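One structure below.
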Amino acid sequence: MIDDTAEQRNPLTIIVPLNDANGRPGNTLNVFLPKGVAGTTKDSVVVCSQVRALDKRRFVGEKLGDVPQEKLRLIDHALRVVLALD
């Protein structure tokens, strides 16, 4: 667990990328986000098998949106599967 001060000093943040859904409905490891949810401009999937660390300087601009709790629960479950935490 990292406290807020350590988090602010850390130059990296952990992300999971989004990809175009290309008509696919998503699955356990690829959580579907319909167009408009969390600021998406097209149907997308959260690719939980591709967890990455990125330098915070790569983030430019403003936050696009918030992921709804129901989708966060699915993403949490997928990350637990990928990382063998359960």
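The values are calculated or read from the model by the stated rules, or taken from the named source; none is laboratory data. No experiment lies behind these values; they were computed from the predicted model shown. When we count neighbours, we look across all protein chains shown, and the Cβ atoms used for this are built from the backbone with ideal geometry, even at glycine.
Figures for the structure shown
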item: Every pair of residues 6+ apart whose Cβ atoms lie under 9 Å, when the first sits in region 58-86 and is over 24 Å from Asn10 (Cβ atoms) and in a loop (DSSP other than H, G, I, E, B) while the second is of a type in the set (Phe, Trp, Tyr) and at pLDDT below 95; result: none
item: Some residue of region 12-27 being touching a residue at least 12 places away in the same chain (Cβ under 8 Å), in a helix (DSSP H, G or I) and more than 13 Å from the chain's Cα centre (by Cα); result: no
item: Single condition Asn30 does not satisfy, out of (1) in contact (Cβ under 8 Å) with a residue 40 or more places away in the chain; (2) loosely packed, with under 14 Cβ neighbours inside 10 Å; (3) touching a Lys or Arg at 6+ places or on another chain (Cβ under 8 Å); result: (2)
item: Tally, over region 55-81, of residues that are over 21 Å from Pro34 (Cα atoms), surrounded by 10 or more Cβ atoms within 10 Å (Cβ to Cβ) and at pLDDT below 95; result: 2
item: Matching residues, region 46-62, being of a type in the set (S, T, N, Q) and touching a helix residue (DSSP H, G or I) at 6+ places or on another chain (Cβ under 7 Å); result: Ser49
item: The lone exception for Gln50 - which of (1) modelled with pLDDT of 95 or more; (2) in a helix (DSSP H, G or I); (3) not hydroxyl-bearing (Ser, Thr, Tyr) it fails; result: (2)
item: Evaluation of Val45 against (1) touching a Gly at 6+ places or on another chain (Cβ under 7 Å); (2) among the aliphatic types (A, V, I, L, M); (3) part of a loop (DSSP other than H, G, I, E, B) (one fails), failing number; result: (3)
item: Filter result for Val37 (under 14 Å from the mean Cα position of the chain (by Cα) and under 19 Å from Leu83 (Cα atoms)); result: no
